[in-house]
Amino acid sequence: MEDKILSKVEEQREQIIESLATLVKTPSRTGEEGAAQQIVEKRYREMGLDVDVWEPDVEELFEKFPEVAQYPSHWQHDLILPYQDLPNYRELVESNLSEVLNYRDRPNVVGIWKGTGGGRSLILNGHIDTVTIEPRDAWTHDPFGAEIEDGKMYGRGASDDKSGVVAALWAVRCLRDLGIVLKGDVILESVVNEEHAGNGTLACIARGYTADAAIAVESSDNRVRLCGYGGVYWGINLKGTSFHTKCRWEGDALIGVSANEKLPGVITQLLALESDKNRIPVNPFYAGKKPFSLNIGRVWGGTYDTAGAATCTLRGSIYFGPDIGSVKGVMDSVKEYIMRVTETDPWLRENPPQVEFFHHDDAHWIDPEEEIVKTVMAAGQQVFGQEPEIIAGIGANDCRHLINQGKMPSFVFGPGTGDQAHSIDESIKIEDLIAGVKVLAIAVYHWCR
Ligand SMILES: [Zn+2]
């Protein structure tokens, strides 16, 4: 049967490529997923799947998943609504930003292939949204052209993650075209707003879509990514006074305090946080990366050489491995370390730093001994003649929700190239796309049969 599956995929090669080209030519930057989702819906229906199309309910997501639900995001308006503790529905409504941060015309699309019963079920989860194409001028290929050159297709989403959505779709399509009957259900998910949110997948879980296992068909070069880092985008606002340089002192009294001079204490605490968090054994699946990386991305404060800075702002991010704990714990640690500056500085005691967050996501991890991992490894063996490589994952993806909220064993496997995700001239090797369909088809067949 495996040979039949492999030849079926080869037979349908041109249609698979055409499917990806159609989706790449249909822009679906985060916030504008509607048109591309209509195409996916149509394809699922043509295949004879039971199709479910709905717009995620933001209020419900905050109610059901208060620690992990995020504000809806939009490629033109990313990370614009800070929060001190956790994001919540009330503040979204009060912000007047809900006119752009919502899921109107941004539905999830789920296609269900019902099994005959008594078998294991499987979710294949991919995201239809992509990041921006800016800076557009830097592209040497049309970002929505799906041009093929030297065996690669170019375009935004070609790898991340339209290749995953297409590979999952065709894996199922090939099995169905062979007349194969499975015992377990196969659930295809094409979700919105994976980038900077993850709410599309959360909405699938809220709607009751769970299975005995789930594969996030994200760009991993057809390798098996067992863990993913969590992330936090943070901001710190420092207060000073606006004064002229000549008015800084009055006798022995310090009258003018520039917010900028409070930077060293804050930066010292941020680096102390990073170094303390890294005092744990390094998980072998981190591929030599530290468990905790903190980046001070931007600092700005003040307006003029002879004026005190009334405010100084730092913005940055943290990536952390699964052993560090929950993202809420990381956020609490950031606040705790920053507040230490108030212990020794009377000005900061009176004017404490304001810590805020813009986005946060949990880390995730799956035991390599899980049956679904072995199933995909074995399927890879049949396609490549050797087992797929196991790799670490730096950077978040929807796998965290499949595992943490959906309670499903889950990991990342997909044909796109991780290095190409979000890059200028994003591309995918056509051969990788076809190989990804083959591995997924064989894995689905073995898991659900
Ligand atoms: Zn992705």
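The values are calculated or read from the model by the stated rules, or taken from the named source; none is laboratory data. Computed from a predicted structure; not experimentally measured. Here the Cβ is made from the backbone with ideal geometry for all residues, glycine too, and neighbour counts use every protein chain on show.
Say we look at region 228-244 and pick out the residues that are under 24 Å from LEU254 (Cα atoms) and among the small types (Gly, Ala, Ser); which of these is surrounded by the fewest Cβ atoms within 10 Å (Cβ to Cβ)?
SER242
Please find, among VAL53, VAL40, VAL68, VAL58, the residue that is under 30 Å from ILE434 (Cβ atoms) and either modelled with pLDDT under 95 or crowded, with 20+ Cβ neighbours inside 10 Å (or both).
One residue alone meets the criteria, VAL40.
Is it true that GLU195 is within 15 Å of the ligand (Cβ to nearest atom), out of contact with any Leu (no Cβ under 9 Å at 6 or more places or on another chain) and touching a residue at least 24 places away in the same chain (Cβ under 8 Å)?
yes
In region 297-310, which residue that is in a strand (DSSP E or B) and surrounded by fewer than 17 Cβ atoms within 10 Å (Cβ to Cβ) is farthest from the chain's Cα centre (by Cα)?
ALA307
Going by what's in this entry, would ALA211 be described as away from the ligand (no atom under 16 Å from the Cβ), crowded, with 22+ Cβ neighbours inside 10 Å, touching a residue at least 12 places away in the same chain (Cβ under 8 Å) and closer than 18 Å to GLY34 by Cβ?
Criteria not met by ALA211.
Tell me, which residue of region 412-435 that is crowded, with 24+ Cβ neighbours inside 10 Å and within 14 Å of the ligand (Cβ to nearest atom) is farthest from GLY380 (Cα to Cα)?
Per the criteria, the residue is GLU426.
Return only the number of the condition from (1) within 24 Å of TYR286 (Cβ to Cβ); (2) in contact with a strand residue (DSSP E or B) (Cβ under 8 Å, 6 or more places away or on another chain); (3) crowded, with 24+ Cβ neighbours inside 10 Å that GLY200 does not satisfy.
Checking GLY200 against (1) within 24 Å of TYR286 (Cβ to Cβ); (2) in contact with a strand residue (DSSP E or B) (Cβ under 8 Å, 6 or more places away or on another chain); (3) crowded, with 24+ Cβ neighbours inside 10 Å, the one that fails is (1).
If I go through region 161-192 residue by residue, how many of them are assigned to a helix (DSSP H, G or I) and either within 16 Å of the ligand (Cβ to nearest atom) or of a type in the set (A, V, I, L, M) (or both)?
Number satisfying all stated conditions: 11.
Pick out the one residue from GLY288, GLY265 that is in the same structural domain as GLU336 (by TED's automatic domain parsing), on the phi > 0 side of the Ramachandran plot and more than 16 Å from the ligand (Cβ to nearest atom).
Result: GLY288 is the single residue among GLY288, GLY265 that is in the same structural domain as GLU336 (by TED's automatic domain parsing), on the phi > 0 side of the Ramachandran plot and more than 16 Å from the ligand (Cβ to nearest atom).
Residues of region 22-52 being among the small types (Gly, Ala, Ser), in a helix (DSSP H, G or I) and in contact with a Lys or Arg (Cβ under 9 Å, 6 or more places away or on another chain), which ones?
Step one: filter region 22-52 for residues among the small types (Gly, Ala, Ser), giving 28, 31, 34-36, 48.
From the residues that got through so far, the ones that are in a helix (DSSP H, G or I) too are 34-36.
Answer for region 22-52, where residues must be among the small types (Gly, Ala, Ser), in a helix (DSSP H, G or I) and in contact with a Lys or Arg (Cβ under 9 Å, 6 or more places away or on another chain): GLY34, ALA36.
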